[in-house]
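The values are calculated or read from the model by the stated rules, or taken from the named source; none is laboratory data. Everything quoted here is computed from the prediction, not taken from an experiment. No Cβ is skipped: glycine too gets one built from the backbone with ideal geometry, and neighbour counts run over all protein chains shown.
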Amino acid sequence: FVFDDVYGDFASRSARAFEVTWPVSTARGLVDGVDQFIRTTFTPSSGRPDTLTSRVVVRPRFSSFSGATTVYLTAELTPVVLGGTVVYRAKGRTSSAMSGLTASVNGVSLTDLRRTDATHFEIDLAPDHAFAIAGASAANAKLVITASLASGSSVTKNARLGLSIKKLGVTAGDAYEQWPRVGCTSATQSCLAALPMGAIDLGRCGEAIAVLQCVGQLGATVDEQAFQAALADGAARTASAPFLTDAAGLVGPARVNAFAGNAQELVQARLEPLFGRWYASTAARDEELTAAVDAAIVAAYARPLDLVDPITPIAGNAAVTRQVAADALLAELATYDFVNSEFSRSYDELIASYRAQHVASIREIREMGVIEPYAGHPEWDVITGRWLSGPYIEITILKTTGAAVHVLIEID
């Protein structure tokens with residue numbers, strides 16, 4: 001039980017053995033660090049208490065390490081509050097200076113990782129990532145860390161995730177007196193108050209279970225008023241004249257309304273997970289809401305084809321062929337690995353920094369792309385150009401159908 005509420009499913013396996021299990025859907029509190037109490041009752045005897053209450057605190061913990069010994073990873077993960085929610089933080093280091101760091105879970109790249117200095121790093125696992133691999137035996141159910149070293153080589157570390165008991169205690173008395181619930185302490189309040197304006201990483205102020213005791217006593221929550229204000233900001237931005245002008249370049253005039261309407265829905269989808277989250281300050285909350293709107297708009301610019309219906313190719317129709325070519329370029333850009341290229345940044349990061357150039361590149365293909373015969377291939381036409389005023393691009397069109405059959409993006 002937790003706070004007198006039944007939590008976990010108890011089963012007696014024999015006269016002296018029992019187990020407590022939790023479905024994954026209800027195990028968050030356990031992994032976040034709540035005090036889990038288990039009360040056992042015995043046949044009355046003069047030699048022992050009639051009841052005992054155990055207190056258990058659980059932690060996610062890495063095990064089954066493999067790979068380079070030059071990468072060290074702490075076994076235990078610490079639940080901390082980041083961006084208004086609980087994440088599980090791991091720390092590690094390399095034996096020599098790093099120039100880059102990537103990590104993945106189940107083959108999915110992680111974004112919440114950072115190098116704290118030349119040889120140390122932190123990785124934050126979101127609950128869905130952690131529960132996807134906790135206790136799983138599938139080959140890819142693990143954390144994979146790849147560190148690029150300053151020497152030019154790369155090293156990889158693998159680790160599987162499970163749960164372990166961090167604290168265990170037993171009492172014959174009142175469990176709540178033995179282990180009283182900790183409130184929002186003055187030390188925690190002082191730490192939160194001393195954080196930089198807009199800080200969303202509350203890890204330095206303690207574990208999540210302690211920091212979250214301050215909810216309602218300080219800080220700000222994403223309530224209905226804050227949520228609606230952010231939603232209105234997103235609606236205004238996706239209906240603005242500059243946005244609609246860019247939309248015409250990105251998807252063509254015929255699809256502007258659909259693009260703008262679906263972009264507004266994308267803003268709402270990015271904001272909804274933030275509803276109810278608590279932040280240490282109003283500034284932090286408002287900055288997170290603004291960042292969510294920004295991210296939705298960047299996603300719309302980066303992947304506009306997700307928000308509109310495709311163009312049907314028409315052989316011999318130059319205007320439609322340009323539309324098809326621009327769509328093909330957008331589709332290829334969305335799949336390209338820009339991190340491991342001369343740009344050394346993700347596609348979304350590039351769009352956020354060079355939005356105007358991106359729109360101009362797509363608009364040029366869509367409105368003014370020159371359709372020319374492909375030398376040596378009479379069955380093809382080709383449209384060429386530049387993306388972000390840099391990489392050479394080439395879209396190959398099959399004459400008989402008007403469909404794009406190949407896109408070249410020339411990046412080192």
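Which residue out of 295, 319 is free of Cβ contacts under 8 Å to residues at least 60 places away in the same chain, surrounded by fewer than 15 Cβ atoms within 10 Å (Cβ to Cβ) and either in a helix (DSSP H, G or I) or polar (S, T, N, Q) (or both)? Reasoning before the result, please.
On the way: 295 fails: surrounded by fewer than 15 Cβ atoms within 10 Å (Cβ to Cβ).
None of the others qualify; the one that does is 319.
Collect the residues in region 382-412 that are among the charged types (D, E, K, R) and over 17 Å from residue 312 (Cα atoms), keeping them in residue-number order. Spell out how you get there, then give the answer.
Quick first cut of region 382-412, residues among the charged types (D, E, K, R) only: 386, 394, 399, 410, 412.
Residues satisfying the conditions are 386, 394, 410, 412.
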Exercise. With the condition kept exactly as written, say whether any residue in region 91-106 is closer than 26 Å to residue 152 by Cβ, of a type outside the set (Gly, Ala, Ser), in contact with an Asp or Glu (Cβ under 7 Å, 6 or more places away or on another chain) and in a strand (DSSP E or B).
Key: yes
Quiz item: Is it true that some residue in region 140-153 is free of Cβ contacts under 8 Å to residues at least 40 places away in the same chain and not in a loop (DSSP other than H, G, I, E, B)?
Solution: no
Quiz item: List pairs: first in region 250-269 and in contact (Cβ under 8 Å) with a residue 60 or more places away in the chain, second polar (S, T, N, Q), Cβ under 7 Å, 6+ apart or cross-chain?
Solution: 252/323
Quiz item: Out of region 269-324, which residues are within 14 Å of residue 362 (Cα to Cα) and in contact with a Lys or Arg (Cβ under 8 Å, 6 or more places away or on another chain)?
Solution: 301, 322, 323
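Yes or no, residue by residue, for (1) more than 32 Å from the chain's Cα centre (by Cα); (2) not basic (Lys, Arg):
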| residue | (1), (2) |
| --- | --- |
| 2 | no, yes |
| 16 | yes, no |
| 31 | no, yes |
| 54 | yes, yes |
| 61 | no, no |
| 67 | no, yes |
| 72 | no, yes |
Quiz item: Of the residues 361, 341, which single one is part of a loop (DSSP other than H, G, I, E, B), of a type in the set (S, T, N, Q), farther than 22 Å from residue 266 by Cα and in contact (Cβ under 8 Å) with a residue 24 or more places away in the chain?
Solution: 341
Quiz item: Do we find a residue being surrounded by 18 or more Cβ atoms within 10 Å (Cβ to Cβ), of a type in the set (A, V, I, L, M), closer than 30 Å to residue 101 by Cα and in contact with a strand residue (DSSP E or B) (Cβ under 7 Å, 6 or more places away or on another chain) anywhere in region 393-406?
Solution: yes
Quiz item: Among all residue pairs at least 6 apart or on different chains, which show Cβ distances below 6 Å where the first residue, located in region 1-29, is closer than 18 Å to residue 132 by Cβ and the second is assigned to a loop (DSSP other than H, G, I, E, B)?
Solution: 22/8
Practice problem: Go through region 169-221 residue by residue and tally those that are in contact with an Asp or Glu (Cβ under 8 Å, 6 or more places away or on another chain) and in a loop (DSSP other than H, G, I, E, B). | Solution: 4
Quiz item: Are any of the residues in region 326-335 under 30 Å from residue 147 (Cβ atoms) and over 19 Å from the mean Cα position of the chain (by Cα)?
Solution: yes
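For residue 201, are the conditions met, namely being under 16 Å from residue 83 (Cα atoms) and modelled with pLDDT of 95 or more? It would help to see each step written out before you state the result.
Working: under 16 Å from residue 83 (Cα atoms): yes; modelled with pLDDT of 95 or more: yes.
It is true that residue 201 is under 16 Å from residue 83 (Cα atoms) and modelled with pLDDT of 95 or more.
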Quiz item: In this structure, does residue 170 turn out to be surrounded by 13 or more Cβ atoms within 10 Å (Cβ to Cβ) and more than 27 Å from residue 94 (Cβ to Cβ)?
Solution: yes
